[in-house]
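Student: I have a structure here, written as structure tokens, and I will follow up with some questions on it.
Any read-out appearing in this document is the output of simple, stated calculations on the displayed coordinates, not a laboratory observation. Every value quoted in this text rests on a predicted model; they were computed, and no experiment measured them. Don't worry about glycine lacking a Cβ; one is built from the backbone with ideal geometry, like all the others, and counts go over all protein chains shown.
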């Protein structure tokens, strides 16, 4: 990753991969025109009010957020100079928030607790009780969950205000210079706050805590923390650490261990007071700050202020939901009962997820053996291997495995086709997802690399060619699916085809049937095309022969020869293109329903939509990486007599390998979650469902949160290797 | 290869240049579908169904139909073109303008808010020396490759009912965030986008900010500037290229998003649907509105295409600096 970053950092203005460029003025005019058109258009359909409202809300949100950030920073700056004031403000904020949270959750009742209690029984009727002891008696005999204090004289507004006041004073006093004041006043306020909280707790929240447990736990935790910091060499903050540990221990003893809802008011008060006082002491304890203390405070506080919003979003919007999804994947469809691995079992064993039925034919043989793709792939693989083992021997009588592009690319293509053949017989959402990742990643990166290399030779046309290939990046997957469905959709053969793919296919059929008896087409176009193809084929053969003689690679020409040869043979046999011969011998055009019919390869046509989008991304990044390869390396290779393809494979490719890794992983992760294309193109029908689409179906259509979450976790597991790889790379780069 | 400068030789060399043919082949395949959409969006329903877009060029038989049907209350500006005047009208089924505004209501805050937040965080990771910086940064970047699906449903439930926290070992549930009724409105989408954009934004901006010369930041510090003023007066202005790059990236991403919108706005009224959702719904009902799909898809793609082509340079630079979108 850093390799790319460095590339881009060293990139100068004129060399950024793609670009039809517009001047700043043109850009400004275009964007303002767009804005004016938007306002005019929304005014004409009566949506101007909505537009204005939205703009206003966005402005307010942005302004308030910005102001908060600036205020927090000013607060930290204040903390450098006026420590007590800073502590006071922070204390006020924390106190207000804490008291507000308690009251907002109806954990505490009205503030003036001892004067009058209103008890609400579960049928909604209220009893007014004035005697404190009576309340305790009622609470001890009745089911405490049935009783609840209603709002008293002090409510949602007063609690936070009081909290802010108390917190503010306590905070301010922890920052004054007199140590006795620092310790005493906040402790007293903590005592008061604890008294208030404990006394106002609803019955169902009163902990049945024993004071001894609280104190013992506080001491144990304090000692543990102190011991740990002693061992870690943090001796200067030993007391603070111990007090903090004590506070946490006391809180655990007071609130987590005992049962809630059965305690007395005294126990509740003590449970609130002890941790709070320990906390107050912890903040009152530290001595006067020196310059390095102020600097350390500044660093820490700034880090918190700068990171807090981002980390909150990461935690709330990413980490916590992800953990919850993992948990719900072990719960039943309504997330109520724990079901262990049942969801995963249901998912993995369903034919929708993994379908082996096409794997073996009726006679028990592998179905894959009947696929042309399989045999072609196997042939290329073996041919590549044979070439690699023999080429050195036949050329110059030396032994050894050949690593030249010729043998390697033959093997790669063979392996690719073999994988395709296997994917085509294992059906289901899981293999489909893997197939998508495999094909789109390799396809987009390969084509992007090809474009990056080839466009360099296009001279002044380079930027236009690149911009056109890059353009689909700006189009949404939904839009792209709509665009391609127009091309894929077949029309009734009685009319014309409107998608260019079917149009070409039908025309090819006409061409290969040209000149047959009773046909509508003259014979000469087929003859002409055959001659041209033959000439090209001859030329390619000549080229390959020459390359072989000169010990040069011939992979490109070989691939071209196979392709042209295929066209030639098919056209010669009159079997190219879309047509069928009816029983009466007449010829009829035939179309391809790309999205529905050619199963399972309709998947590939959907994948192509994503390749269409992603190729530009791969091209731009790889192009920049290729341009960053030092020219001296090419120069040296040229002097050594390397051909252009040898230069590419032996000089360029190793240099751009890290970038290639980045592109591959980025596309891989993007493909794993592809949903839009499948949704818009086929809706997951015709055997094109993938995990990310199935996830939506399970969660929203079948309302099975358990299995839906399990699918999400499976997607996470699929990309987990990439995640680990990224972290590994980062760690390497950071150190 | 033969030398020579005669015309025949030059033509031969051009024709025999197989790689160039391959490249222009790719370019044509990559351009034709968009071109087809564009041309077809100006053709009438019958034309679109009867012949391919390429025939629009040779077709002198009124390929373009002018005039807008009375029932569509479209802006005068667009009255010339039939498909567009339906698509840019108030039409219940196919009117796109409402959803253009909805898309803006999502995409604009989803671009601004993450940029601000990520700038703060990127600065902290790059220039504030605090404990645990490295592992925290690596953990943040590791979240890049988390698939959105993993987080979506719990997020939706949070927007539906507020955030609650069940205290461990007790039966008590504490409400941390009350139910603001966010689901079904743009802010649920915006908040989701903000969270999901964080890792990439921080990664990209951190890469850029940490490449700024350290002496510059040091000298500002020596002059008595605290982190806040270093950030606002020095680092932020210098980072404008990276910020612009991310802004374009994020705008395109959020404008073109369908997954998050379809999940978060499921319970909302059609008025809040962004363009992608509107197009997907149009594509879902076969037949009747098929001819409007071209114009609709073009309207949907128009804004990102303009942004893209006018600001392409920044966009490319952003891709290069980050080159990973989670």
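Student: Using r as the Cβ-Cβ distance of residue B:216 and residue A:25, and R0 as 30 Å, what FRET efficiency do you calculate, to the nearest 0.05?
Tutor: Numbers: r = 31 Å, r/R0 = 1.05.
Once rounded, the FRET efficiency stands at 0.45.
Student: Along Cα→Cβ, 7 Å out, is where each label goes; now give me the distance between the ones at residue B:267 and residue A:339 in nm to one decimal.
Tutor: A separation of 2.3 nm, rounded to one decimal place.
Student: Hey, with R₀ at 45 Å, roughly what FRET efficiency would residue A:369 and residue A:655 work out to, going by the Cβ-Cβ distance, to 0.05? Before the final figure, lay out each step's value.
Tutor: Numbers: r = 42 Å, r/R0 = 0.93.
With a Förster radius of 45 Å, E is 0.60.
Student: Expressed as an acute angle from 0 to 90° and rounded to the nearest 10, what is the orientation of the C-alpha long axis of helix A:405-425 relative to the principal long axis of chain A?
Tutor: 70 degrees
Student: Rounding to the nearest 10 and keeping the result within 0 to 90°, find how far the Cα-based axis of helix A:477-488 lies from the longest principal axis of chain A.
Tutor: Orientation of helix A:477-488: about 20 degrees from the principal axis.
Student: Extending each Cα 7 Å along its Cβ direction at residue B:29 and residue A:32, get the distance between those two points in nm, one decimal.
Tutor: 4.3 nm
Student: OK, next. Of the peptides A:169-176, A:40-47, A:215-222, A:538-545, how do they stack up when ordered by the mean number of other Cβ atoms within 10 Å, highest first? Write out the running numbers ahead of the final one.
Tutor: Working: A:169-176: 23.1, A:40-47: 17.4, A:215-222: 18.9, A:538-545: 15.2.
Per-residue Cβ counts within 10 Å, averaged per peptide and sorted highest first, yield A:169-176, A:215-222, A:40-47, A:538-545.
Student: Same structure, new question: How far is helix A:265-284 tilted off the main Cα axis of chain A, in degrees rounded to 10, range 0 to 90?
Tutor: It is inclined by approximately 70 degrees.
Student: Taking the simple approach of a point 7 Å from Cα along Cα-to-Cβ for both residue A:319 and residue A:549, what is their distance in nm?
Tutor: Going from the residue A:319 label point to the residue A:549 one covers 6.9 nm.
Student: Between residue A:63 and residue A:97, what length comes free when the chain is fully extended (0.36 nm per residue of separation minus the Cα-Cα distance, one decimal in nm)? Provide the component values of the computation, followed by the final result.
Tutor: Details: separation 34, 0.36 × 34 = 12.24 nm, distance 2.20 nm.
Between residue A:63 and residue A:97, full extension yields an extra 10.0 nm.
Student: Counting each DSSP H run of 4 or more residues in chain A as -39500 (n - 2.57), what helix-only mean residue ellipticity at 222 nm follows after dividing by all residues, to the nearest 500 deg cm²/dmol? Mind dumping the intermediate values first?
Tutor: Working: 28 runs with 483 residues, N = 735.
Value at 222 nm, helices only: -22000 deg cm²/dmol.
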